[in-house]
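*Asks:* Here it is: the structure, laid out below.
The values are calculated or read from the model by the stated rules, or taken from the named source; none is laboratory data. Predicted, not measured: the structure shown is a model, and the values here were computed from it. FYI the Cβ positions are ideal-geometry reconstructions off the backbone, even for glycines, and counts take in every protein chain you see. When the accessible area is computed, the model is the full protein with side chains, heavy atoms only, and any ligands, DNA or RNA have been set aside. Shrake-Rupley method; radii C 1.70, N 1.55, O 1.52, S 1.80 Å.
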Amino acid sequence: MTVFERLGRFAYRRRRWVIAAWAVLLLIAIPLAPRAASVLRAGGFTLDSLESAQARRLLEHELGLAPSALVLVYSSSSAGAGSEAFETAASVAADAVATAPHVSAILSHRLAPDQVSADGTTAYDVVLLDLPPDESPDALPGVRERLAALAPGQVEVALAGGPAFYGDIQAVSEADLQRSEIVSLPLAALALLIVFGAVVAAGLPLAVGGGAVVVALAVIWAVAGATQMSIFVLNLATLLGLGLGVDYSLLMTSRFREELRRGTAKPSGVITKGPGSRPSPEALEGAIRVTVATAGRAVFFSGLTVLLGLTGLILFEFPILRSVGIAGAIVVGLAVAAALTLLPAILAVLGERVDALRIRRVNEVEDADGPWARLARRVMRHPVAVFVPTLGFLLLLGFPFLHVRLNAPDATILPVTVPSRSAFELLDSKFGAGRFAPLSIAIRTTGPATSAVNVDALFDYSRRLAADARIRRVDSYVDVDPRLTKAQYVLLYSAPSGPPDRFVATTLAATTKGDLTLFNVTTPYGPNADEARRLVADLRSVDGPLAPPAGATVLVAGGAADVVDVVDGIVRGFPRTALFILVSTYLVLFVLLRSVVLPAKALVMNTLSIVAAFGALVWIFQDGNLSAILGFQPLGYVETTQPVILFCVLFGLSMDYEVFLLSRMKEVWDRTGDNTEAVARGLERSGRIVTSAALIVVVVAGSFAFADIVLIKAIGLGVAISVALDATVVRALLVPATMRLLGDWNWWLPTRLERWIAGRLPASEAETEAAIR
């Protein structure tokens, strides 16, 4: 008796205990699941090992730079900056914010004329915080509470900057999730009702999938207390949990209904009831055992392939990717566990009542010449004529990915109605994109930075930087006054008691300590601009025109440097993740299918649907096609983590359907040894289920097209497009065509390897089913 058969027997004989255990889990999880959002964070795009992070940490520890900052934006159409009304309102707001928790200082526009726009309608103050970037949104409640208490006036006060951006992402993500649930759940219920034709059978997948999601969110809440978890896991966990939970339940419930209608044997092999009869306890137990031993085995291996895809994300060190992988693994594990234990127990209690409240009759008994079988045979009669144009179509869809531009997210991923996005747009129009994305250069010199040799060298270095057309301004201790010469700077900093001028002394203390010096470089470009990224590369070069002085080393942080490091770090880590997923998935499919060729073919089929989704991602979100219909502003780039997350998630999801399909084909092949018959009948038995399961995922993922955050919208549409293509074009056309071209080579396994497998690996579905019957 195989482990899956034993599990089926356990679920049947201990059905009430299994249901009770899950009920207790749900009772514990229900009050905890809603709290998951409160412990998730919107950051996670950086690492301590990156150069930009090292530079920032160095400047924070040695020069006391604030780890994060908010921007208080003042604007008025009637009172200009400098007027009594404007300055009074700004002072009141700044004084109120200064008392908020985590606010360490405020850099006022009244002491920095460049913080006032040229037309005088807008000004800003920089609010320094004592929190690291990923925790900086914690300062928002206190700041907003104090601003809300102010009486409205002629001057509007808004918040911008990283903390406000991250805070709004968190709030909008939760709203997106609620909206997607409102859209997807009724549509998923309707699709299940059409598939099953009975209210009770249709309700089971939703109940089991929903229960798995609730428990998963509670576990994520607990895990988030020990490790940083991204706010984006909230949406992805719901998408995966509901989609996979429903998929697995759909497969299991369909197989159970099929076994009931076919008439299941006792363990002794005597048929007790035929189709249409009320099953005896022995027949019901047999149906549960066959269901878990066959469909349950497919669910287990399917879940394992999805889990391997998500485990690939855990291999990344970036918190956003790792947390998505951890959350996904939790969700998938619980979805599989619920499908293999809770669902069989419920089915054992329901028995034939699974078809209660029927609205239409659905044929669950195998038809060797059904519509899917006829389609497969038609394709296999002309495999080359189907294979070539289908392959060309998928490659054409993926073609736009060849001109992908990878970048990090900024405020433009939020809708224009969100406060931080509106404030960002105002600042960008009044001050330029580069003002709020300066580059910070941490320079280590040989000996104190104030020595005559280093002042001389750094003065020349500053002038070389300022002469570059891509640099608008350099701020440092050798740039306090453009009227001062190099000799005057050397003399100024050679005084034993320090510079006599108070302003110069303050600047020196803020930008220099021992052998460390800070240069702030302002450019005209935003952090995602190609020109800014090329500038970072030139600043880091040791032999270019912007190379540091001899004996000095530099670390570049801020603005485009952060983007370069994140993009390069993720791109470098992707090959390792892809290799892990490909190799581990191949091995799992090899164990399941007992074939050397089929797993490799499955990997290629999966990759084609993913490439098509990648192309769509670029065509829609980078190039801006369909932006008016989908309601977003084109980004001009693809956020770097999106292809990685999509690859890992889609590889598992697509393999999910491959497992469903090939498992049924394997059953027929083991019985008949006829490749053509195995493909036709396997597709007939799995085609409706795979299409129905994919429809559920498309509905759930497609509901995220209504999301306000562009990243979530892109992930949802990417999953929906890939799964739709995978379940139709790939599974219905490309798979039968390739399997017909390969013929019996599909099932090739070296004799020696076959003998080794026979003694060490679990039985196949056909062997298991034959043993039970």
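*Asks:* Please list, in chain and number order, the residues 5+ apart from residue 124 or on another chain whose amide H is under 5 Å from its amide H, with Hs placed from the backbone.
*Replies:* Here 74 satisfy the definition.
*Asks:* If you don't mind, there's one more thing I want to ask. Which of rounded, prolate or oblate describes the range 154-239 when judged by the alpha-carbon gyration tensor and an a/c cut-off of 1.5?
*Replies:* Values: a/c = 4.83, a/b = 1.88, b/c = 2.57.
Note, shape of the range 154-239 comes out oblate.
*Asks:* Using a 1.4 Å probe and ignoring any ligands, DNA or RNA, find the accessible area of residue 61 and quote it in Å² to the nearest 10.
*Replies:* 140
*Asks:* Another question about this same structure. Under 8 Å for C-alpha pairs, at least 6 residues apart: give me the relative contact order for the chain, rounded to a whole percent. List each step's numbers first, then the result.
*Replies:* On the way: 1358 pairs, mean separation 147.9, N = 773.
Worked out over the chain, it gives 19 percent.
*Asks:* Another one. What FRET efficiency, computed as 1/(1 + (r/R0)^6) with R0 = 41 Å and r the Cβ-Cβ distance, is obtained for residue 396 and residue 190, rounded to the nearest 0.05?
*Replies:* On the way: r = 33 Å, r/R0 = 0.80.
Result of the calculation: an efficiency of 0.80.
*Asks:* Between residue 228 and residue 509, 0.36 nm times their residue separation minus their Cα-Cα distance comes to what? Write out the running numbers ahead of the final one.
*Replies:* On the way: separation 281, 0.36 × 281 = 101.16 nm, distance 3.47 nm.
Additional length available on full extension: 97.7 nm.
*Asks:* Right, next: Do the sum for the chain: with -39,500 (n - 2.57) for every DSSP H run of n ≥ 4, divided by all residues, what is the mean residue ellipticity at 222 nm, to the nearest 500 deg cm²/dmol?
*Replies:* Working: 29 runs with 464 residues, N = 773.
One gets -20000 deg cm²/dmol as the mean residue ellipticity at 222 nm.
*Asks:* How do 307, 340 stack up against each other in accessible area, from largest to smallest, with a 1.4 angstrom probe?
*Replies:* Working: 307 55, 340 15 Å².
My answer, sorted largest first, is 307, 340.
*Asks:* In what order, largest first, do 629, 28, 443 sit by accessible area if the probe radius is 1.4 Å?
*Replies:* Values: 629 140, 28 100, 443 0 Å².
Accessible-area ranking of 629, 28, 443, largest first: 629, 28, 443.
*Asks:* Next question. Heads up, I need the accessible area for residue 450: 1.4 angstrom probe, whole protein in place, Å², nearest 10.
*Replies:* Ignoring ligands and nucleic acids, residue 450 comes out at about 50 Å².
*Asks:* So between residue 16 and residue 597, what do we pick up on full extension, going 0.36 nm a residue minus the alpha carbon distance? Could you put the intermediate results ahead of the total?
*Replies:* Working: separation 581, 0.36 × 581 = 209.16 nm, distance 4.31 nm.
That works out to 204.8 nm of additional length.
*Asks:* What aspartates and glutamates does residue 713 reach when the alpha-carbon gap must be under 18 Å and sequence neighbours fewer than 8 apart in one chain are set aside?
*Replies:* By straight Cα distance, residue 713 reaches 168, 174, 176, 181, 410, 623, 639.
*Asks:* Once ligands and nucleic acids are excluded and a 1.4 Å probe is used, how much of residue 46 is accessible, expressed in Å² to the nearest 10?
*Replies:* Answer for residue 46: close to 50 Å² accessible.
*Asks:* Here's a follow-up. At what distance in nm do the modelled label points of residue 91 and residue 118 sit from each other, each positioned 7 Å from its Cα along Cα→Cβ?
*Replies:* 3.0
*Asks:* Once R0 is set to 56 Å, what does the formula 1/(1 + (r/R0)^6) return for the Cβ-Cβ distance between residue 485 and residue 6, expressed as a FRET efficiency to the nearest 0.05? Walk me through the numbers before you get to the answer.
*Replies:* Numbers: r = 87 Å, r/R0 = 1.56.
Working from the Cβ atoms, E equals 0.05.
*Asks:* Something else now. Please work out the C-alpha center-to-center distance from the range 1-40 to the range 577-598 and express it in whole Å.
*Replies:* 29
*Asks:* Cross-link candidates for residue 486: which aspartates and glutamates have Cα within less than 13 Å, leaving aside residues fewer than 8 places away along the same chain?
*Replies:* Hits, sequence-local ones excluded: 456, 460.
*Asks:* Hey, if you put +1 on the Cβ of every Lys and Arg and -1 on every Asp and Glu Cβ in the range 79-185, which of 151, 127, 137 ends up farthest toward the positive end of that dipole?
*Replies:* Final value for the positive-end residue is 151.
*Asks:* What order do 748, 17 take when sorted by accessible area (1.4 Å probe), most exposed first?
*Replies:* Numbers: 748 110, 17 195 Å².
My answer, sorted largest first, is 17, 748.
*Asks:* In addition: In whole angstrom, note down how far apart the Cα centers of the range 531-556 and the range 462-527 are.
*Replies:* When both Cα centres are located, 18 Å separates them.
*Asks:* Tell me which DSSP H helices of the chain clear both cut-offs, 24 Å or more of axial length from alpha-carbon atoms and a mean Kyte-Doolittle hydropathy of at least 0.0. Spell out each step's value before the answer.
*Replies:* Numbers: long enough: 15-32 (26 Å, 1.77); 162-196 (48 Å, 0.92); 199-223 (36 Å, 2.32); 232-262 (45 Å, 0.46); 297-314 (25 Å, 1.74); 319-337 (27 Å, 1.95); 559-593 (50 Å, 1.53); 597-617 (31 Å, 1.67); 641-672 (46 Å, 0.54); 675-702 (36 Å, 0.81).
The qualifying helices are 15-32, 162-196, 199-223, 232-262, 297-314, 319-337, 559-593, 597-617, 641-672, 675-702.
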